[in-house]
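One structure is given below, encoded as structure tokens.
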Amino acid sequence: MKTRFLSAVVALGLAGLTALPASAEAMKVRLAKQFGIGYLPLTLIEEQGLLEKHAAEAGIEVEAEWLRFTGGSGMNEALLSGNLDLAAGGTPPMLTIWARTQNNMRVKGVTALVSMPLHLVTFDPEITELADFDRSDKIALPAVKTSIQAITLQMAAEKYLGEGHHADLDAFTVSMGHPDAQLALLGGQSEINAHFGAPPFQNMEMKDERARKVVDSYDVLGGPHTFTVVWSRAEFVEENPEFMQVFMAALNESIEFIKANPEEAARIWAEAESSPMTHEEIVALITDEQTTWTTEPQRLLPYVNYMARVGLIQEDTDDWRDLFFDTVSTGEGS
């Protein structure tokens, strides 16, 4: 956990003799992210002090507390209990809490972070397609039935196994954070023989000669889709418009830095995450042609429409702007 303090700007007294006014109490903001390079924009905001920089320019004082979760469900619980202000994760956890709270707390998306593909990887030589999985297999993913990997797996099952088969593989899934899932898969000493992961974990797994990619989320969705998003409660967003402008300014600077300086962004991320990947591998991930660093969402409607159709959520929409605050809902989106 890392906390940074932004010093208040204090006006100079006449000739240095006037007593200095007491600083206003800093605004305390709790932000959370998960594991993986999909959170690179937030890592740069934290490591480069961009919140503090833009807060100073806006004349406000911020105390930021960065938290780490392994899945979206825990973030949503913290958000609803008032122990978290900004959550970041895959899109389905955001859509789940959006659907649950539109008549009360009105949780919505603040911004997208990146579009990138997610891969289901196995080391089992007998598995070449989804139909090959059976009850002897265990698929690790961040959160059973709620994570973006879990929902994408259901959508893949419906697409490749047929209508009505969307939940066929749910019984084979196990909730596990990406770092632990990668270790379990590579080690070969656990029951885990497949991992529906995310970059960079899936990329490191695919370097093993035993690895095989069974599902690509871009194939399931029919093209690029948003991987990670930031979401929050309406109360927090509406009561703190200045901070939200600061956050979006910091995020936009972070994303522009990634695009202009992928080598330096890779170095900062590797040091912050203690990544075992080489510098060249991280740069390749950041600059991959399938990866788009952007605040505008892509292909969220297939997720929300699917989740509503099979009863995972009770709300639906055909307009992506319904899912976000005006921090990004004025953009083109997808």
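The values are calculated or read from the model by the stated rules, or taken from the named source; none is laboratory data. Note that the structure is a prediction, hence the values are computed from the model and not measured. Using ideal geometry, Cβ is built from the backbone for each residue, glycine included, and neighbour counts are taken over all protein chains shown.
With the structure loaded, tell me whether residue 299 is in the same structural domain as residue 112 (by TED's automatic domain parsing) and without any contact (Cβ under 8 Å) to a residue 40 or more places away in the chain or whether it fails that test. No.
Taking the range 83-100 on its own, how many of its residues are among the hydrophobic types (A, V, I, L, M, F, W, C) and in a helix (DSSP H, G or I)? Step through it out loud before you land on a result.
Filtering the range 83-100 for residues among the hydrophobic types (A, V, I, L, M, F, W, C) gives 84, 86-88, 94-95, 97-99.
Pick out the ones that are also in a helix (DSSP H, G or I) and you get 94-95, 97-99.
So the answer is 5.
For the range 315-325, state whether one or more residues are β-branched (Val, Ile, Thr) and over 24 Å from residue 152 (Cβ atoms). No, every residue in the range 315-325 fails to be β-branched (Val, Ile, Thr) and over 24 Å from residue 152 (Cβ atoms). Among residues of the range 302-318 being charged (D, E, K, R) and in contact (Cβ under 8 Å) with a residue 12 or more places away in the chain, the one that is nearest to residue 252 (Cα to Cα) is 318.
When you scan the range 267-279, do you find a residue that is of a type in the set (Lys, Arg), under 19 Å from residue 46 (Cβ atoms) and either surrounded by 14 or more Cβ atoms within 10 Å (Cβ to Cβ) or over 19 Å from the mean Cα position of the chain (by Cα) (or both), even just one? Yes, that holds for at least one residue. Taking the residues in the range 115-132 that are hydroxyl-bearing (Ser, Thr, Tyr) and surrounded by 15 or more Cβ atoms within 10 Å (Cβ to Cβ) as candidates, determine which candidate is farthest from residue 90 (Cα to Cα). The qualifying residue farthest from residue 90 (Cα to Cα) is 122.
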